[in-house]
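Participant: Take a look at the following structure, please.
The values are calculated or read from the model by the stated rules, or taken from the named source; none is laboratory data. Bear in mind that the values here come from a model prediction, so they are computed numbers and not experimental data. Cβ: placed from backbone, ideal geometry, glycine included. Neighbour counts: every protein chain shown.
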Amino acid sequence: MLREIQCDEFKAYGKVRPAIKFHSGLNTVLGGANANNSIGKTTFLLIVDFVFGGDSYLNSDAITKVGSHTINFMFEFDAGYKYFSRNTTKSDVVNVCDESYNILETISLEEFNETLQGLYNLDLYKSTFRNLIGRYFRIYGKDNYDENNPLHGHKKENFKSAILSIEKLFDVYQVIEEYKKSYDEVSDKLKALNSTRKFDLLPYGKITTKKQYKQNEKSIAQLHEDLEKLSKNQTDEYFELDREKAEKGGLIDGEISTLTRKRSRLVSQLNVVKANKEGNHTVNLDRFAELSNFFPDTNLKKLSEIESFHIKIREILKEEYEEEAERLQMIIDSLNKKIEYLKVELNKQGIPAGIPRGYLQKYTEIQNNIDKYKSQNENYNLLN
């Protein structure tokens, strides 16, 4: 915790005053005996924010009146005392000092914030020290004291960012992010499909009316009849034999394609489930104790009860993830066996070399048209 702040510009009756000491629990700024309200309470609180890496103090009247000056400050952690200093003119760096505030080395403000984040045990997923604590410095002049928006770190912050900071503070953001990624992927696919339809980029074109949909159904039925007639018109016995092999091979190949697509979808689902299951679903309750450094009256027992409930929910989800992963893996293993079996059967058919090229061309043309009309109808069903 912060233990002291010292500056040569802190003066009482014209003399530099001793370092301001902090103790565990609530620390208050009191006025003098003359009850004068303008004692620099706001300025001092901005200085406290400054030693925690903030910049609002640099825009205060004190900088204009006093000019460039250095703030010395000391923290106490389990690892011992940590001494630093920060100058208002060179505020983008922080000095690491000895106990007499002699400079030992200079580090960037970003590195300083990362150091404090580690010392306060606030290394939370995709979080920064200032985003975690800066919003809780409610000081006049920082524009973050709107009682109607208590979560906002500044006046222009939106609700999404404010809620995001709470999710990170309570170490649940990683789980939420996984679900959001899955949602965004589905949304992006739908947007892409809508865009291709809007700009007429669908590979088989598009239909927009029910009348076109029904006409496609009629065309598909007619094409299937044409395909059947094409096969019946072949009378050569040798060709008939090859045709049967080709048809059987086509059926097998089609089944393999169907099973392969199904397997790909299941593998994608399995990867999502594994990612969710292996995510960090536990929260170190000891971290809540650190809140007392900022909010001494925090009801840690109540927070522990709430977190206990959250952990139970996560454990339930974890079991469901494991069961779902096992179920998906069993289906995938079964599909792999079926696909391998069908590949063996397909190899037994050989290459249908006896089929005339004209037949193959006509067969391909008919089949492509069937695929075209089916695809148009499938996209119509998806988008309407």
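Participant: Here's a check for you: in region 86-103, which residue that is more than 36 Å from the chain's Cα centre (by Cα) and surrounded by fewer than 18 Cβ atoms within 10 Å (Cβ to Cβ) is nearest to Gly67 (Cα to Cα)?
Facilitator: Thr89
Participant: Same structure again: Please identify the pairs in which a residue from region 40-67 that is farther than 22 Å from Val96 by Cα has its Cβ atom under 7 Å from the Cβ atom of a residue that is of a type in the set (Asp, Glu), counting only partners at least 6 apart or on another chain.
Facilitator: Going by the 7 Å Cβ cut-off, the qualifying pairs are Val66/Glu9.
Participant: Picking from Tyr57, Tyr125, Tyr83, which residue would you name as being modelled with pLDDT of 95 or more and surrounded by 14 or more Cβ atoms within 10 Å (Cβ to Cβ)? Spell out the reasoning first.
Facilitator: Numbers: Tyr57 fails: modelled with pLDDT of 95 or more; Tyr125 fails: modelled with pLDDT of 95 or more.
The unique qualifying residue is Tyr83.
Participant: Of the numbered conditions (1) of a type outside the set (A, V, I, L, M); (2) in a helix (DSSP H, G or I); (3) over 13 Å from the mean Cα position of the chain (by Cα), Gly153 fails exactly one; give the number of that condition.
Facilitator: (2)
Participant: Being within 19 Å of Arg86 (Cβ to Cβ), among the aromatic types (Phe, Trp, Tyr) and in contact (Cβ under 8 Å) with a residue 24 or more places away in the chain narrows it down to one residue among Tyr173, Tyr101; which is it? Break it down stepwise before answering.
Facilitator: Values: Tyr173 fails: within 19 Å of Arg86 (Cβ to Cβ).
Sole residue among the options that is within 19 Å of Arg86 (Cβ to Cβ), among the aromatic types (Phe, Trp, Tyr) and in contact (Cβ under 8 Å) with a residue 24 or more places away in the chain: Tyr101.
Participant: Let me ask you something else. State which residue pairs qualify: first residue within 18 Å of Phe170 (Cα to Cα) and in contact (Cβ under 8 Å) with a residue 24 or more places away in the chain and inside region 131-153, second residue charged (D, E, K, R) and assigned to a loop (DSSP other than H, G, I, E, B) in any location, beta carbons under 9 Å apart, and separation of 6 or more residues or different chains.
Facilitator: Short answer, once both residue conditions are applied: Gly134/Lys142; Arg135/Glu157.
Participant: Please indicate, with yes or no, whether at least one residue in region 35-42 is more than 19 Å from Gly141 (Cα to Cα) and outside any strand (DSSP E or B).
Facilitator: The initial filter retains those residues of region 35-42 that are more than 19 Å from Gly141 (Cα to Cα), namely 35-36.
Retained after the next criterion (residues that are outside any strand (DSSP E or B)): 35-36.
Within region 35-42 (the criterion being more than 19 Å from Gly141 (Cα to Cα) and outside any strand (DSSP E or B)), the answer is yes, since at least one residue qualifies.
Participant: I've got another one for you. If Asn280 satisfies every condition in (1) assigned to a loop (DSSP other than H, G, I, E, B); (2) at pLDDT 80 or above; (3) not β-branched (Val, Ile, Thr) but one, which is the exception?
Facilitator: Failed condition: (2).
Participant: So Ile166 passes all but one of these: (1) within 19 Å of Cys7 (Cα to Cα); (2) touching a Leu at 6+ places or on another chain (Cβ under 7 Å); (3) surrounded by fewer than 16 Cβ atoms within 10 Å (Cβ to Cβ). Which condition number does it fail?
Facilitator: (1)
Participant: Are any residues in region 156-185 at negative phi and in a loop (DSSP other than H, G, I, E, B), and if so, which ones?
Facilitator: Correct list: Lys156, Glu157, Asn158, Phe170, Val172.
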